[in-house]
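Visitor: Encoded as structure tokens, here's the structure I'll be asking about.
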Amino acid sequence: FNLDQFIGGIPKAELHLHIEGSLEPELMFELARRNKVAIPFASVEDVRAAYRFSNLQDFLDIYYAGAQVLQTEQDFHDLAAAYFARARSDGVRHAEIFFDPQTHTDRGIPFDVVIEGLLSGMAAVEGVSSKLILSFLRHLDEEAAFATWGQAEKWLDRIAGVGLDSSELGHPPSKFARVFAAAGEAGLKRVAHAGEEGPPAYVYEALDLLHVDRIDHGNRALEDPALVERLAQSGMTLTVCPLSNLKLCVVGDLADHPIDRMLDLGLNATVNSDDPAYFGGYVAENYRAVAIARNLGKAQIVQLARNSFTGSFLSEAEIAAHL
Ligand code: ADE
Ligand code: ZN
């Protein structure tokens with residue numbers, strides 16, 4: 001059968017996508033010119049050549065530098081509209097996207113500029129529904145997270161949930177238990193990156209202290225059989241990102257990627273692109289690359305796509321309409 005056609009044609013949801021990570025080098029150059037911001041690259045090829053990472057922090061340093069070109073509401077609109085157009089061409093029907101407000105507010109860009117631009121860009125593309133997840137930067141402190149939470153308060157009807165991203169090691173979920181509790185009290189969903197580079201203990205903390213509805217990545221949970229059992233029994237969704245795992249050396253080779261082992265263990269794994277402009281592929285390419293590397297069959301691909309809807313924050317009726 002034709003794998004590319006099959007993957008492209010099957011309805012999918014994307015649940016792990018950092019909108020700042022969808023900034024393609026071409027748009028980076030255009031925005032740098034438009035905003036008269038200097039970037040340390042001579043050409044688009046030069047930018048792509050710099051995208052060789054040996055770990056998460058290597059990537060984050062370049063990702064935060066790239067985000068500096070984003071300045072105006074129009075920039076955030078263009079960024080989101082470009083992602084949604086691209087996602088639609090991959091057969092994505094619904095996307096729940098992260099944004100990192102602190103990356104922008106710390107440079108003096110108002111929270112409202114960021115979110116208004118993103119919301120209008122999300123609405124500009126028909127055929128893909130969307131939700132927004134406000135992600136706190138875990139290398140910053142709790143006080144900074146609460147300041148961001150305060151700026152978000154008037155937008156809570158447009159924000160589906162909160163997340164936790166950036167440098168994982170040394171920044172356990174426990175640091176953010178109180179701000180996640182506030183988000184839970186406000187009725188928001190909660191997710192957190194855990195077990196990408198961090199140990200299984202961080203996944204336990206995300207469950208027990210942050211009360212998350214999904215685990216982003218979760219790879220290192222596989223080191224702990226009791227944790228695997230708990231994740232499987234509770235039907236927890238893992239938002240797995242194969243090409244990200246490869247580029248950030250979470251796996252040494254895609255042939256060793258645990259996506260099918262996760263399914264075999266009864267985990268609700270999904271396939272996502274994380275930061276596609278930096279990792280070399282949008283969601284269909286992530287399905288394709290891992291399907292080839294792990295020799296996945298149709299039934300496994302169908303299961304992964306199904307899990308993306310059942311793990312989404314859509315209503316039961318909306319999910320049913322997609323399946
Ligand atoms: N920010 C953007 N992508 C990320 C990732 N994969 N892990 C942690 N923080 C991130
Ligand atoms: Zn991520």
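The values are calculated or read from the model by the stated rules, or taken from the named source; none is laboratory data. As the structure is a prediction and not an experimental result, all values here were calculated from the model. Cβ placement follows ideal geometry from the backbone for every residue including glycine, while neighbour counts extend to all protein chains displayed.
Visitor: Among the residues of region 237-268, write down those that are part of a loop (DSSP other than H, G, I, E, B) and not β-branched (Val, Ile, Thr).
Guide: Across region 237-268, the qualifying residues are Cys241, Leu248, Cys249, Gly252, Asp253, His257, Pro258, Leu265, Gly266, Leu267.
A quick yes/no check of all residues on (1) under 27 Å from Asp106 (Cβ atoms); (2) away from ligand 2 (no atom under 16 Å from the Cβ); (3) assigned to a helix (DSSP H, G or I); (4) charged (D, E, K, R):
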{"site": "Ile7", "(1), (2), (3), (4)": "no, yes, yes, no"}
{"site": "Leu17", "(1), (2), (3), (4)": "yes, no, no, no"}
{"site": "Arg48", "(1), (2), (3), (4)": "yes, yes, yes, yes"}
{"site": "Tyr51", "(1), (2), (3), (4)": "yes, no, no, no"}
{"site": "Phe59", "(1), (2), (3), (4)": "yes, no, yes, no"}
{"site": "Ile62", "(1), (2), (3), (4)": "yes, no, yes, no"}
{"site": "Gln71", "(1), (2), (3), (4)": "yes, yes, no, no"}
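Visitor: Can you pull out every residue in region 269-323 that is among the aromatic types (Phe, Trp, Tyr) and in a helix (DSSP H, G or I)?
Guide: Residues satisfying the conditions are Tyr278, Phe279, Tyr287, Phe309.
Visitor: Now for a separate question. Please state which of the following conditions Leu207 fails to meet, knowing it meets all the rest: (1) buried (at least 22 other Cβ atoms within 10 Å of the Cβ); (2) free of Cβ contacts under 8 Å to residues at least 40 places away in the same chain; (3) of a type outside the set (Asp, Glu).
Guide: Single failed check for Leu207: (1).
Visitor: Need the failing condition index for Val250 against (1) surrounded by fewer than 22 Cβ atoms within 10 Å (Cβ to Cβ); (2) away from ligand 1 (no atom under 15 Å from the Cβ); (3) aliphatic (A, V, I, L, M), just the number.
Guide: (2)
Visitor: Test Asp75 against the stated conditions and say whether it is surrounded by 19 or more Cβ atoms within 10 Å (Cβ to Cβ), assigned to a helix (DSSP H, G or I) and more than 19 Å from the chain's Cα centre (by Cα).
Guide: It is true that Asp75 is surrounded by 19 or more Cβ atoms within 10 Å (Cβ to Cβ), assigned to a helix (DSSP H, G or I) and more than 19 Å from the chain's Cα centre (by Cα).
Visitor: Checking the conditions here, which among Leu23, Leu27, Leu31 is farther than 21 Å from Ser166 by Cβ and under 21 Å from the mean Cα position of the chain (by Cα)?
Guide: Leu27
Visitor: Evaluate region 28-40: report whether one residue or more is of a type in the set (Gly, Ala, Ser) and at pLDDT 95 or above.
Guide: Among the residues of region 28-40, at least one is of a type in the set (Gly, Ala, Ser) and at pLDDT 95 or above, which makes the answer yes.
Visitor: Give the number of residues within region 211-236 that are on the phi < 0 side of the Ramachandran plot and either part of a helix (DSSP H, G or I) or surrounded by 24 or more Cβ atoms within 10 Å (Cβ to Cβ) (or both).
Guide: Looking only at that region, the number is 18.
Visitor: Can you tell me which residues in region 140-166 are crowded, with 17+ Cβ neighbours inside 10 Å and in a loop (DSSP other than H, G, I, E, B)?
Guide: Result: Leu140, Ile159, Ala160, Ser166.
Visitor: Additional query: Which one of these does Ile19 not meet: (1) crowded, with 18+ Cβ neighbours inside 10 Å; (2) among the aliphatic types (A, V, I, L, M); (3) away from ligand 1 (no atom under 15 Å from the Cβ)?
Guide: (3)
Visitor: Here is a further query. Only one residue in Gln68, Gln5 is within 16 Å of ligand 1 (Cβ to nearest atom), more than 22 Å from Lys131 (Cβ to Cβ) and modelled with pLDDT of 95 or more. Which one?
Guide: One residue alone meets the criteria, Gln68.
Visitor: Quick one: what pairs do we get from region 167-194, first residue under 25 Å from Asp157 (Cβ atoms), second assigned to a helix (DSSP H, G or I) and within 16 Å of ligand 2 (Cβ to nearest atom), C-beta under 6 Å, 6+ apart or different chains?
Guide: Cβ pairs passing all conditions: Ala192/Pro173; Ala192/Ala206.
Visitor: Could you give every pair whose Cβ atoms fall below 7 Å, whose first residue belongs to region 118-133 and is among the charged types (D, E, K, R), and whose second residue is not in a helix (DSSP H, G or I), counting only separations of at least 6 or pairs across chains?
Guide: The qualifying pairs are Lys131/Glu96; Lys131/Ala160; Lys131/Phe313.
Visitor: Out of (1) touching a helix residue (DSSP H, G or I) at 6+ places or on another chain (Cβ under 6 Å); (2) within 12 Å of ligand 1 (Cβ to nearest atom), what's the single condition that is false for Glu168?
Guide: Going through (1) touching a helix residue (DSSP H, G or I) at 6+ places or on another chain (Cβ under 6 Å); (2) within 12 Å of ligand 1 (Cβ to nearest atom) one by one, Glu168 breaks only (1).
Visitor: Working only within region 33-91, note down all residues that are touching a strand residue (DSSP E or B) at 6+ places or on another chain (Cβ under 6 Å) and either without any contact (Cβ under 8 Å) to a residue 40 or more places away in the chain or over 20 Å from Leu118 (Cα atoms) (or both).
Guide: The one that is touching a strand residue (DSSP E or B) at 6+ places or on another chain (Cβ under 6 Å) and either without any contact (Cβ under 8 Å) to a residue 40 or more places away in the chain or over 20 Å from Leu118 (Cα atoms) (or both): Gly91.
Visitor: Pick out the one residue from Ala201, Ala206, Ala192 that is more than 16 Å from ligand 2 (Cβ to nearest atom) and either part of a loop (DSSP other than H, G, I, E, B) or not polar (S, T, N, Q) (or both).
Guide: Residue meeting the stated conditions: Ala201.
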